[in-house]
Structure formats: structure tokens, C-alpha cells
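Beneath this line is the structure, given in C-alpha cells, with notes to follow.
The values are calculated or read from the model by the stated rules, or taken from the named source; none is laboratory data. These figures come from a predicted structure and were not determined experimentally. With ideal geometry, Cβ positions are generated from the backbone for all residues, glycine too; neighbour counts draw on all protein chains shown.
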Amino acid sequence: MRRCFVLLLVLAMALTLTACSKSEAAQAVDDQIAAIGEVTLESESAIAAAEEAVAALAEEDRKQLDNEDDLKEARAAYETLVLEDQAAGVEDAIDAIGTVTVDSGEAVEAARALYDASPAEVQALVENFSDLEAAEETLSGLKVEEAIRLIDAIGTVTADSREAVEAAQTAYDALTQEDAAKVTNASALEDAATQLKTLLEQQANSLLSTMRVETDAVRGISFYYPQAFPYYTDYWGADVRCFALPYLGRSGEDVWLRLVCDYTADDWIFFKQITFAVDDERYYKTFNYFDVVRDNAYGDVWEYVDIEVGSSEEELLWAIANSTQTIVRFEGDDYYYDFTVSANDKQAIRDMLTVYDALK
């Protein structure tokens, strides 16, 4: 009996010595893994730190780890949570579509883009994907119906049908090829566009016939000026004034617009900037010294720029033409001068833009 007790005591001591044989490094890493606790989306840094700690252990220390499998399970659980969270984001985007209307395009496209950009593992977790497909089908049908409605709304084509034709064309052009084939009155849109083009060209040519024309036979270019555009010869007449008016150049089928902004008075201001106060909006044009042409005669001086009309200038001109009031300020370092665009000049601008739109 005594011998048995001694054997048991020796065995207990051996086990104790074995338990105590785990290195401090291994124990510290086991404790770090245990500290991860319940895995959440905020656990990534703790998991990554523990993985780095495991990787940094010596081989003999790593063999003493008790929690390495727990770390692997934590990593797997975290990756699953990430995929589920991404899937939830896609599901939220699909839910955000709500009731589909013809204006739901952005929401549907956003949800589709998010789904398509997601990994296959995330896509497999999206539970409301069928709702996205249904929304796309509904939107497709509504867009077709809207295009048909807008084409029918054109009615009898006149020179004033531009907005109606452009709205219908925009709706039709936005359709996929498959949906466009479902527009039953597409031929009516094509006919309306052709009729409008013809009417606008006729209107443009009629307006051109009222304008002053200057021809450069050598270059093969004709320049068209609205009647409101001041005409200066070798003397100053009663129409000497400040103005901001466009004129049109034409060479064969090519047409372009230029804008002349002219300051005329009895003293210099050496303007560097022009501000257009168009109702509540402000537009600015700045110039270098040599951009501006300056001259004088018979006690008067004039300073002007002749600039190419691009999209921003065209926007400005339409704003002036449709404004209640436009004040133009020529401004130099020390002086400035204001003038108000007349109703006659606004009409001249509108006519020139109409011609340009029809011929360009």
C-alpha cells in the first residue's frame, strides 16, 4: 500500500512538472487568443495580432499552444461575418429601391452595380436578389411606356416642337436595344425629328436673310450679323454703343459662333474682366491685356474682345436671351462701366442661337 502511494505521488509530480513545462511565450499567446472572446466585425485587429504572435513563435513554443485551433475558428467566423455584412449592404441597396417608378433608374442601377461588384460568395448570401430582378423588369417596362407616351405627346410638329422631340429622343436613346424594339411608335419619332430639322433649317434661313452678311471670297467664308449688331464704317454714327452680341461664321456645311463684347465711351477703362449679372446668376470672363483690341476716334474710345463661343458661352448667351434683366460690367483695375442689355439685343441673341442650333 505504501509503495502504491509513492507511485501515485511520483506520477502527480511528473504531471505537475509537465504542466509547468509550457513556455512563457506559448502561454502569453494562448492568453492572447483567449482574449479575442466572441467574434464580431470589430475583432479583425485582435485576430490579426494573435496570428502575428503565433507566427512569431519558435517551433517548440508553437507546439505547446492549446488555443491555436480556436484562433483558426475565430478567423473563419470573422470572414463569415464580413461576407454576411457585405451581403446585407447589397440587400439594403435593393430594399432602398422601394416602389419602382420611371424615376427609379439611379436606385436600380446602384443596387445592380453593388451586386455585380460583389464576390460570388457574397452574391450567394443575398436573399432578395429576385427583388432586384423584378425591379429591373418593371423599370424596363415603365421606360418603354414613357418613351411611347413622350413620342405621342409630340403631336403636330412645328418649329416650337424642339423640347418635345428632344425629350422623346432622350427617353428613346436611353433604352436598351431590346427595349427600344418594344417602342411601337419609334417610326413616328424618326419622322418628327426629320420634320423638325427641316422646319428649323427653314426658320434659320429665313432669319439669315434678314441679317447683314460680310463675305470673304478668298477664304470662302460668310459672316452673318444680326441687325442689332452696330455697324461702324469710317465714321461714328448714332448707333455707337456698348454691346455683347454674337455673330455666325459659315463655310460650306461648317458653322460657328463668335461673341463680341464691346465697350464704347469717351474714356478708357482698360478692362480685364467682364461680369454678366443675369438675373440672380453671375458669369465671369477674364482677359489678358493683349486679348483686348483698343482704339479711338473723334473723341470716343472703344475696347472689345472677339471670342469663340463654346458650350459655356452658349449657356451664357441663352441665359441672357431669356433673362428679365442682364447687366454687363466692363472692369479694369481702377474703373468700370455698366450697361443693361436691351430687349432688342436679347432677341438678336435668341435669333442667332436659333440659327446656330439649326445649322450646326
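Annotations
- Residues in region 287-313 that are over 26 Å from the mean Cα position of the chain (by Cα) and hydroxyl-bearing (Ser, Thr, Tyr): Tyr289, Tyr298, Tyr304.
- Members of region 304-321 found to be in a loop (DSSP other than H, G, I, E, B) and free of Cβ contacts under 8 Å to residues at least 24 places away in the same chain, listed by number: Gly310
- For region 37-51, the set of residues classified as hydrophobic (A, V, I, L, M, F, W, C) and either assigned to a loop (DSSP other than H, G, I, E, B) or exposed (fewer than 10 other Cβ atoms within 10 Å of the Cβ) (or both) consists of Val39, Leu41, listed by residue number.
- Tally, over region 272-303, of residues that are exposed (fewer than 12 other Cβ atoms within 10 Å of the Cβ) and outside any strand (DSSP E or B): 6
- Yes/no for Ala113 being within 30 Å of Asp30 (Cα to Cα) and either β-branched (Val, Ile, Thr) or surrounded by fewer than 15 Cβ atoms within 10 Å (Cβ to Cβ) (or both): no
- Screening region 323-344 for residues that are in contact with a helix residue (DSSP H, G or I) (Cβ under 8 Å, 6 or more places away or on another chain) and not in a strand (DSSP E or B) and picking the one that is farthest from Cys242 (Cα to Cα) gives Ser323.
- Residues that are farther than 30 Å from Gln203 by Cβ, more than 26 Å from the chain's Cα centre (by Cα), surrounded by fewer than 16 Cβ atoms within 10 Å (Cβ to Cβ) and among the aliphatic types (A, V, I, L, M) occur in region 88-105; there is at least one.
- Residues in region 147-160 that are at pLDDT 95 or above and either in contact with a Leu (Cβ under 6 Å, 6 or more places away or on another chain) or crowded, with 19+ Cβ neighbours inside 10 Å (or both): Ala147, Ile148, Leu150, Ile151, Ile154, Val157.
- Single match in Ala135, Ala174, Ala120 (criterion: farther than 30 Å from Val355 by Cα, hydrophobic (A, V, I, L, M, F, W, C) and surrounded by fewer than 19 Cβ atoms within 10 Å (Cβ to Cβ)): Ala120
- Flag for Leu83 being within 41 Å of the chain's Cα centre (by Cα), at pLDDT 95 or above and under 25 Å from Val122 (Cα atoms): yes
- Residues in region 175-203 that are in contact with a Phe, Trp or Tyr (Cβ under 8 Å, 6 or more places away or on another chain), within 21 Å of Arg162 (Cβ to Cβ) and assigned to a helix (DSSP H, G or I): Ala186, Leu189.
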